[in-house]
Amino acid sequence: MNTPRAYQDAIRDLEAFYDIASEHLRQEYAQPVSKYREPQEWLEGLDITLGDHGMKHDDMIGALREIIAATPKTSTTRFFNQLFGGRQSKAMLGDLIAVLLNSSMYTYKAGGPQILIEQEILSQVRNLLGWDENSSGTLAAGGSMTNLMGMQMARDRAQPAARTTGLSGKVIAYTSAECHYSIQKNAAILGIGREQVRLIPTDQTGGLRPDLLKQSIERDLRDGHRPFMVNATAGTTVLGAFDPIEQIAEICEKYDLWLHVDGAYCGSVIFSEKYKHLIQGVERADSFTLNAHKMLGTPLSCSLILVQEKRHMYHSYSTDASYLFQTHEDELNPGKISLQCGRRNDALKLWCLWKSIGTAGLGSLVNHQFHLADVAREYIRTHEDYQLYSHDDSVGICFNYLDIPAEKLCNGLYQASEMMVGYGQFRDDVFIRLVTINASNTEEDIHEFFRVLEAFAQKHVLHSAI
Ligand SMILES: *Cc1c(COP(=O)(O)O)cnc(C)c1O
């Protein structure tokens, strides 16, 4: 058979991919942390520079192999640096297929069953939230974007003319001092202005204080300002704390404010019978953000925005485009309520994972992360060289070891290519933040984390002059 050139190229590249992937997976076990080098060293040591002339296949694969080996490994047992990690292989498979199909998720005409798959995911999550047929949702390129959508719908509800004539006057948003930085950034993007975001203090555990929220709203009302929304965080970025949604919902209803729940980090507790109580009251929210690429372990990125009343989504986003929307009703053409035009298929990876382990399986992933967090906290509590700063029911474990500055330990471990872990701050305390979000990790991996940290500290920090 004489196959076209494009077919032969694709097969050859996929075969190369399979070889590269197999080697990479082996390397993840053999060397779970990639060698650290300064940027200049990699610029000199790796073939990164682009030029006028192309490169032969074999040379190209060789260059890629070196670059891959040099890239930080985020799926191994030594990566605790951010709010993602590990690898759910069924989700990876789904994402690879999404690349292969290269659908664009704006119309049924371009996406076919992929659109139905996305609808199925959204509808299942809406059910878990306790929302009815009136609700809706979509996906966007990440939690910062889905938070932006929640915030924009809130703004447009408060000022329906904002979409046509622009914002008139100042409107005020409320969020906790521990919220994700996308809230302020989005306020700037939406023309609300960073100064119109009130940062409400938290209690000792890092959760927003409803009494102070109420005071702040009343002060603004007295001063003639116009409050329009509250953002409640389900899993704050540093401490992994949960704002008290039920009490915040009470306040939102009283003052007629939009309630957005930023569950980018830990909103996945909705899948767990054991931990969904942490977001009790979420059914009263107007919008909800969920990142499946965090607790559920899908590849980056997979971020959902759900809205209790779909009319808000249509009001904020629907735009007629006769060159695009040519067949089928609105529900099947999600481009009508999307932030983007062309949109990557981020649904298939979550669907593949969900299909393979079921809703109960997703719940087990979440439960296991909380279990690993318990193991880590238990270790810290029973070893007197440690000080714990975070609280139960959180997958972010914040601690210090032997009064060694957190920054020194984290950067030392990174530069010695031993482990990837970061540090954070709450009020005046700076500490190491261990995130037990990799559901493939075992208790043993958590104990190994402490062993590596202690050995490194003993060898490199304590015996050198600090
Ligand atoms: C990670 C995170 C975000 C942002 O999500 P991205 O997908 O990284 O843009 C927003 N809010 C919280 C609480 C987060 O932890």
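The values are calculated or read from the model by the stated rules, or taken from the named source; none is laboratory data. Since the model is a prediction, treat every value here as computed from it, not as a measurement. Here the Cβ is made from the backbone with ideal geometry for all residues, glycine too, and neighbour counts use every protein chain on show. With ligands, DNA and RNA removed, areas are computed over all heavy atoms of the protein, side chains included. Shrake-Rupley method; radii C 1.70, N 1.55, O 1.52, S 1.80 Å.
Which residues, taken from region 34-86, are part of a loop (DSSP other than H, G, I, E, B) and β-branched (V, I, T)? I48, T49, T71, T74, T76, T77, listed by residue number.
Of all residues in region 210-236, exactly one satisfies the criterion of being away from the ligand (no atom under 16 Å from the Cβ), touching a Pro at 6+ places or on another chain (Cβ under 9 Å) and among the small types (G, A, S), namely S216.
Restricted to region 395-435, and to residues there that are small (G, A, S) and in contact with a strand residue (DSSP E or B) (Cβ under 8 Å, 6 or more places away or on another chain), the residue that is surrounded by the fewest Cβ atoms within 10 Å (Cβ to Cβ) is G422. Among residues of region 24-36 that are basic (K, R), none has a beta-carbon under 7 Å from a residue that is modelled with pLDDT under 95 and open to solvent by 50 Å² or more (accessible area, probe 1.4 Å) at least six positions away or on a different chain. Consider region 38-62 and keep the residues that are closer than 23 Å to R26 by Cα and aliphatic (A, V, I, L, M). The one that is most open to solvent (accessible area, probe 1.4 Å) is M60. If you check L190 against the conditions, is it within 16 Å of the ligand (Cβ to nearest atom) and open to solvent by 70 Å² or more (accessible area, probe 1.4 Å)? In short, no. The single residue among L278, L239 that is within 16 Å of the ligand (Cβ to nearest atom), assigned to a helix (DSSP H, G or I) and touching a residue at least 60 places away in the same chain (Cβ under 8 Å) turns out to be L278.
Evaluate region 101-108: report whether one residue or more is open to solvent by 60 Å² or more (accessible area, probe 1.4 Å) and either hydroxyl-bearing (S, T, Y) or assigned to a helix (DSSP H, G or I) (or both). The answer is yes; a qualifying residue exists.
If you go through region 222-233 one residue at a time, do you hit one that is hydroxyl-bearing (S, T, Y) and surrounded by fewer than 24 Cβ atoms within 10 Å (Cβ to Cβ)? If you could, list the steps in order and put the result at the bottom.
Within region 222-233, the subset hydroxyl-bearing (S, T, Y) is 233.
Keeping just the survivors that are surrounded by fewer than 24 Cβ atoms within 10 Å (Cβ to Cβ) gives none.
No: region 222-233 contains no residue that is hydroxyl-bearing (S, T, Y) and surrounded by fewer than 24 Cβ atoms within 10 Å (Cβ to Cβ).
Filtering region 141-181 to residues that are surrounded by 22 or more Cβ atoms within 10 Å (Cβ to Cβ), near the ligand (Cβ under 10 Å from one of its atoms) and farther than 17 Å from I245 by Cβ leaves G143, T146, L148.
Taking (1) in contact with a Phe, Trp or Tyr (Cβ under 8 Å, 6 or more places away or on another chain); (2) touching a residue at least 12 places away in the same chain (Cβ under 8 Å); (3) at negative phi in turn, S417 satisfies each apart from (3). Could you please let me know if G207 is on the phi > 0 side of the Ramachandran plot, away from the ligand (no atom under 12 Å from the Cβ) and not basic (K, R)? For G207, the condition - on the phi > 0 side of the Ramachandran plot, away from the ligand (no atom under 12 Å from the Cβ) and not basic (K, R) - is not met. Among the residues of region 299-326, the ones that are under 20 Å from V261 (Cβ atoms) and β-branched (V, I, T) come to 2 in all.
I need the full set of residues from region 287-323 which are open to solvent by 40 Å² or more (accessible area, probe 1.4 Å), within 23 Å of G111 (Cα to Cα) and away from the ligand (no atom under 16 Å from the Cβ), in order please. Across region 287-323, the qualifying residues are K310, Y314, T319, D320, S322, Y323. Taken together, R78, R65 contain a single residue that is surrounded by 21 or more Cβ atoms within 10 Å (Cβ to Cβ) and charged (D, E, K, R), which is R78. Name the single residue, out of those in region 71-92 being in contact with a helix residue (DSSP H, G or I) (Cβ under 6 Å, 6 or more places away or on another chain) and of a type outside the set (D, E, K, R), that is nearest to L14 (Cα to Cα). Going through the qualifying residues, I end up with A91.
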